[in-house]
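Engineer: Pasting a structure here, questions to come.
Rule-based calculations on the coordinates, nothing more; no lab input. The structure presented is a predicted model; accordingly, all values stated were derived computationally and were not measured. Methodologically, a virtual Cβ is constructed for each residue, glycine included, from the backbone with ideal geometry; neighbour enumeration extends over all protein chains shown.
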Amino acid sequence: MDSGINMLCFSASYGIALALELSGLWARTRIGRVALLFSAIAGLVAHTWYLGRRVAEMPAAPLASQQDWYVLAAWALAIIYLTLKLYYPRSSMGLFLLPAVLALVGISRFATKTPLATFQAPRVWGQVHGVLLMLGTVTVLLGFLAGLMYLIQSYRLKHKLPTRGRLQLPSLEWLERVNSRSLGVATLLVGGGFFTGVLSRLAQQGEQSFVPWTDPVVLSLAAMFVWLVVAEGFRLVYPAARQGQKVAYLTIAAFLFLALVLAVMTWGDSLHLNADSESTEPPQASISTTILGLSNNGDLA
């Protein structure tokens, strides 16, 4: 089986789980719940196997491409979904989490599988840089989805709509805690990823792979980090922003910045190295290396 079929395999499993989540809005049965868990677990196992195979295929620079980065983020979000499903089996959170998992996998099909270029900074910085930003992405997504669920649940309560129906969401208090904590954690993770990227950039001063400060991904990631710092500071200083719809709106705004960063990373003008180029000039850094920071032989971007 090639990587496309493998990706299709776990995507189909998540798709079946999502269909079963949707069917639960009309009829909940024990068989349906078992089938849903089986589909989600099967998808996660296939997903893990796919990532493991990617590592085996490229031991010098495991998970060093943009596509791998998206698939790894989807894998982390799928783990969160399955964990929540086991703890809250009657919850409808899968209607929000599974589309996000499938969206990340879908976007990965437009991203390059080519390993990034060779750089001179220590490999550990590349690993820390990529992992922190990947976890920050997952945290922002989780906060965004919790914010959406909070607004829906708040609307239902405000308009005295039934909350004990088929669409069962967590309490407003639980969603509020997730919103608040996700904003703070995302600020730390994205900040850590950004500053390890700065260290990487300083370490490659004078190298031909030098990434300028004006690079679109650098600028968009910096804007996202500044927004997270301002939003978290506002939340901490202004007590009313720690609860209710305000914190939900803050996490939704953080997601919009994340979408901008991912769009620039994936569809930017300098998306990745042109592997087919016959130029004799030394390879230049792709803007995506600013996000991932991983190289073909394990060095840092």
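Engineer: So what J values fall out for the stretch 84-90 if you push phi through Karplus, 6.51 cos²θ - 1.76 cosθ + 1.60 with θ = phi - 60°, rounded to Hz, Gly and Pro as x?
Structural biologist: So the J values, rounded to whole Hz, are 5, 5, 6, 7, 10, x, 8.
Engineer: Another question, if that's okay. At a Cα cut-off below 22 Å, give the lysines reachable from Lys160, other chains included and same-chain residues fewer than 8 away excluded.
Structural biologist: Lys246
Engineer: Order 89-97, 138-146, 29-37 from most to least packed using the mean count of other Cβ atoms within 10 Å.
Structural biologist: The packing order, highest mean first, is 138-146, 89-97, 29-37.
Engineer: Can you put Leu157, Leu175, Leu132 in order, fewest other beta carbons within 10 Å first?
Structural biologist: Ascending number of Cβ neighbours within 10 Å: Leu157, Leu132, Leu175.
Engineer: With an 8 Å Cα cut-off and a minimum separation of 6 or more residues, compute the relative contact order for the stretch 1-111 in percent.
Structural biologist: Reported as a whole number, the value is 31 percent.
Engineer: Per residue of the stretch 23-28, what does 6.51 cos²θ - 1.76 cosθ + 1.60 with θ = phi - 60° give for ³J(HN,Hα)? Whole Hz please, x for Gly and Pro, Karplus curve as stated.
Structural biologist: Each residue of the stretch 23-28 in turn: 5, x, 5, 10, 8, 10 Hz.
Engineer: Same structure, new question: What are the ³J(HN,Hα) couplings of the stretch 132-137, residue after residue, when phi is run through the Karplus curve with 6.51, -1.76, 1.60 and θ = phi - 60°? Round to Hz, x for glycine and proline.
Structural biologist: Couplings: 4, 5, 5, 5, x, 4 Hz.
Engineer: With each label point set 7 Å from Cα along the Cα-Cβ vector, what nm distance links Tyr249 and Leu161?
Structural biologist: 2.0
Engineer: Among His159, His129, which comes first, second and so on when ranked by fewest other beta-carbon atoms within 10 Å?
Structural biologist: His159, His129
Engineer: Among Lys113, Lys158, Lys85, which comes first, second and so on when ranked by fewest other beta-carbon atoms within 10 Å?
Structural biologist: Lys158, Lys113, Lys85
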